[in-house]
Amino acid sequence: MHKLVKNLFNTSKIRIKPLIITLLFTACGTTSKSTLDLQSFYKEGKENAIYPSEKQIELLEVIIPKETYQPAPSILNRTYWEKVSTTASGKKYLEIAVSEFKKAPEVPITDSIYRLANKDGNRGIYKPRYYRTMERLEYFVLAECIENKGRFLPQIEVYLKAIISMKSWLHPNHDDNENGVLEGKRVTIDLGARRFGTDLALAEVLLGEKLNESLRNEIKTELQTRIIDSYLRSSETLDKNNTWLKSTSNWNSVCTSGSLFVAIATSKNREERIAAIGSALNSMKYYLSGFGTDGYCSEGAGYWNYGFGHYLYLSQMLHDYSNGAINLFEADNPDKLINVGNFPERYQVHKGICAPFADGVSKVSNDGGFAYNMSAKHYGATMPPAPKETKSHDSFSAVYQLIEWNQNESKINVDSKNQFIKELPNYTYFDDVGMVISRGKQKVPFSIAMKAGHNAENHNHSDVGTYTIVLGKDIITGDIGAPSYRAGSFSPDNKARSSWGHPVPKIDNQLQSNGKNFSGSISSTEFKENSDKVVMDLKSAYEIETLKSLIRTFKNNKKGDGVISIEDEFSATKKVEFGVAIMTLSEYEIINSNTIILIIENQKIKAEVFGLGGQLKITDKLVPVKHLREGASAYRIGVDFTEPVSEGSITIKYTPILK
């Protein structure tokens, strides 16, 4: 670690009276019976501040122990770890650790690879190496605790030294353009750094004196500089290093949970631990504000799993450390948390399938992840399908596994009855953001998800008015999802991120503008047994002075095989070019100027286009983005008036062609 960096931070001191309190896995004389009223806690905070106010610190003083947080008993507690060794997951954990035992750490990467990844945004040249290294170290640490034979210790120390030797724990593409963290000019915490820090802290608190003393001192020094000092300094005075502290995206919950774990598990300074807890609580208010009161997650189901999973972990960590006094499972809005916990089920178009709006994914699946299990436990959420046999690194890490073991697995894993999804309703309406799912009930269901929203959402796309149409198990047309993360993928001009790459109107050769004010609204809805109708006003999504009105009407006729239509009606003060787009990842055939056949495997949909106010033309183009997260190449089939018009409408009618 660069000497310059080590001198950058001097954590502020706060005066706190000591208090002895019972902590899980520690033996203390008294137990706190206080419960933190989070509504009162937030009222005592300073406006727009993350670092806790003096009054907030006073409220925390009476519930935070003198001892550091212990996520599980240390390796010396053989009763606990021998019990873990008899569980199926404990045996599996040891088995995987043994299979990975001889593999060397894959960090540090070279400076040249780091700089290249920073420049090109190519995560493939470093991220797999980072996460394989993290995962193996986690397996080795917990396996050593289970087995207690010392055979994993040499390899654990090799991994710890390798991580300590890294000049930067960041994902390279999260460093600044001058690679300031790599060069030792500043310190910041990102999605990678928080987990490297967590893994070092985990080794320290579980293995303790089993590790070399000089190595333990190095671990403590690195954690203090790279995580604790950086976190508290940015909390006290928000700077460019950790701007995620006020974010409403997954970054906040992920980075906060990792930073907090390091602080409360390794800092011997109770003042720091209380400051970190207060900062985390204030920060989580921002994170939760990113969800609608109806539970809608604009980042999609994949980031719900990642971000909300870490929020739930942070909640459990604080619950355990405060002996139940801090309850973030309900926070200051229990009803909203219930809605957030049930979001993935409600967000499905068909079972296991969802709209890939923004940077979301098109599949909702229970991969054994922490977020799904905890939501089932705390919010009564029904589990989605579970096609995967293993837990992914983003949805289940070692600290999550410890919580399962601490709660004896059966208490956290839901009953088998909860693993079967209830029949989805005819429609779901997230009225906060203006997102509707209209579900067909045919033998091969034909359904549509549609969204109004605004153009400053988390992982934003310029996509007000977008939609996704699903036939059976297949997404046939509509939103094409996100570009893979590499250089230029987050540019608003990226063709898959701008409104050009979405099934929304293009007016006078202009696309939708970016910003929260550029939005859509649902003006009316009509939900019946055999039909749904949603009307959206999209005018505000465009910065076009001559545009008088722009109304998009969705209709889902659920009779027979189903018919879904989207009509765009507009008027302007002068004649303008006007067109819409059919977006698809499927194969297709343009039959004539009014008909396109969309084809995916054995399923087909006929798309018929109708214009009022002028003649139409169809022009197809390959979306010039090579790497889409949905995998396939995407096409934009433009449907435009051949001549400028001052008013008119274009309707696209989709009909399944079933054998």
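The values are calculated or read from the model by the stated rules, or taken from the named source; none is laboratory data. All of these numbers come straight from a predicted model, not from anything done at the bench. FYI the Cβ positions are ideal-geometry reconstructions off the backbone, even for glycines, and counts take in every protein chain you see. We work out accessible area using only protein heavy atoms, side chains counted, and drop any ligands, DNA or RNA first. Shrake-Rupley method; radii C 1.70, N 1.55, O 1.52, S 1.80 Å.
Of all residues in segment 623-640, those that are touching a residue at least 40 places away in the same chain (Cβ under 8 Å) have Cβ atoms under 7 Å from Cβ atoms of residues that are assigned to a loop (DSSP other than H, G, I, E, B) and of a type in the set (Lys, Arg), 6 or more apart or on another chain, in VAL623/LYS495; PRO624/LYS495; VAL625/LYS495; HIS627/ARG486. In the set GLU601, GLU569, GLU589, only one residue is touching a residue at least 24 places away in the same chain (Cβ under 8 Å), among the charged types (D, E, K, R), farther than 27 Å from GLY520 by Cβ and out of contact with any Phe, Trp or Tyr (no Cβ under 7 Å at 6 or more places or on another chain); that residue is GLU601. LYS575 passes every criterion in (1) assigned to a strand (DSSP E or B); (2) farther than 29 Å from ASP537 by Cβ apart from (2). Has segment 642-657 got any residue that is farther than 19 Å from ILE566 by Cα and of a type in the set (A, V, I, L, M, F, W, C)? Yes: segment 642-657 contains one or more residues that are farther than 19 Å from ILE566 by Cα and of a type in the set (A, V, I, L, M, F, W, C).
Of the residues screened, SER540 is not one that is touching a strand residue (DSSP E or B) at 6+ places or on another chain (Cβ under 7 Å) and open to solvent by less than 30 Å² (accessible area, probe 1.4 Å).
Scanning segment 319-350 for residues that are touching a Lys or Arg at 6+ places or on another chain (Cβ under 9 Å) and of a type in the set (Lys, Arg) turns up nothing. In segment 348-359, the residues that are over 10 Å from ILE475 (Cα atoms) reach residues that are open to solvent by 10 Å² or more (accessible area, probe 1.4 Å) and acidic (Asp, Glu) with C-beta atoms within less than 7 angstrom, at least six apart or across chains, in these pairs: ALA358/GLU457. Here the condition is being open to solvent by 10 Å² or more (accessible area, probe 1.4 Å) and in a helix (DSSP H, G or I); of ASP239, ASP229, it holds for ASP229 alone. The set of residues in segment 77-118 being of a type in the set (A, V, I, L, M, F, W, C) and either closer than 18 Å to VAL399 by Cα or in contact with a Leu (Cβ under 9 Å, 6 or more places away or on another chain) (or both) consists of TRP81, VAL84, ALA88, LEU94, ILE96, ALA97. Among the residues of segment 119-136, those that are farther than 21 Å from GLY197 by Cα and touching a residue at least 24 places away in the same chain (Cβ under 8 Å) comprise LYS119, ASP120, GLY121, ASN122. Taking LYS103, is it without any contact (Cβ under 8 Å) to a residue 40 or more places away in the chain and part of a helix (DSSP H, G or I)? Judged against the criteria, LYS103 is not a match.
Residue count for segment 77-99, restricted to those that are of a type outside the set (D, E, K, R), under 23 Å from PRO154 (Cα atoms) and either within 29 Å of the chain's Cα centre (by Cα) or in a helix (DSSP H, G or I) (or both): 10. Among the residues making up segment 88-138, those that are of a type in the set (A, V, I, L, M, F, W, C) and either open to solvent by 70 Å² or more (accessible area, probe 1.4 Å) or touching a strand residue (DSSP E or B) at 6+ places or on another chain (Cβ under 9 Å) (or both) are ALA88, LEU116. Selection of segment 302-322 for residues being closer than 16 Å to LEU337 by Cβ and among the hydroxyl-bearing types (Ser, Thr, Tyr) yields TYR311, TYR313, SER315.
Does ILE57 satisfy the condition of being modelled with pLDDT of 50 or more, part of a helix (DSSP H, G or I) and in contact with a helix residue (DSSP H, G or I) (Cβ under 8 Å, 6 or more places away or on another chain)? When the stated conditions are applied, ILE57 passes them. Scanning segment 490-503 finds no residues that are buried (at least 19 other Cβ atoms within 10 Å of the Cβ), out of contact with any helix residue (DSSP H, G or I) (no Cβ under 8 Å at 6 or more places or on another chain), modelled with pLDDT of 95 or more and farther than 18 Å from VAL625 by Cβ. Within segment 429-479, the residues that satisfy the criterion of being part of a strand (DSSP E or B), open to solvent by 10 Å² or more (accessible area, probe 1.4 Å) and not aliphatic (A, V, I, L, M) are TYR429, HIS454, ASP474. Can you tell me which residues in segment 459-498 are of a type in the set (S, T, N, Q) and touching a strand residue (DSSP E or B) at 6+ places or on another chain (Cβ under 7 Å)? Within segment 459-498, SER462, THR466, THR468, THR477, SER484, SER489, ASN494 qualify.
Can you say whether ILE600 is at pLDDT below 95, closer than 19 Å to SER447 by Cβ, of a type in the set (Val, Ile, Thr) and in contact with a strand residue (DSSP E or B) (Cβ under 6 Å, 6 or more places away or on another chain), as far as the supplied structure shows? Yes, satisfied.
Scanning segment 139-185 for residues that are among the charged types (D, E, K, R), within 16 Å of ILE113 (Cα to Cα) and in contact with a Ser or Thr (Cβ under 8 Å, 6 or more places away or on another chain) turns up just one, ASP175. What do you reckon, is THR68 on the phi < 0 side of the Ramachandran plot, surrounded by 14 or more Cβ atoms within 10 Å (Cβ to Cβ) and at pLDDT 50 or above? Yes; evaluated as a whole, the condition is true for this residue. Within segment 156-181, the set of residues being over 17 Å from THR198 (Cβ atoms) and either touching a strand residue (DSSP E or B) at 6+ places or on another chain (Cβ under 7 Å) or buried (at least 21 other Cβ atoms within 10 Å of the Cβ) (or both) comprises PRO172, ASN173, ASP175, VAL181.
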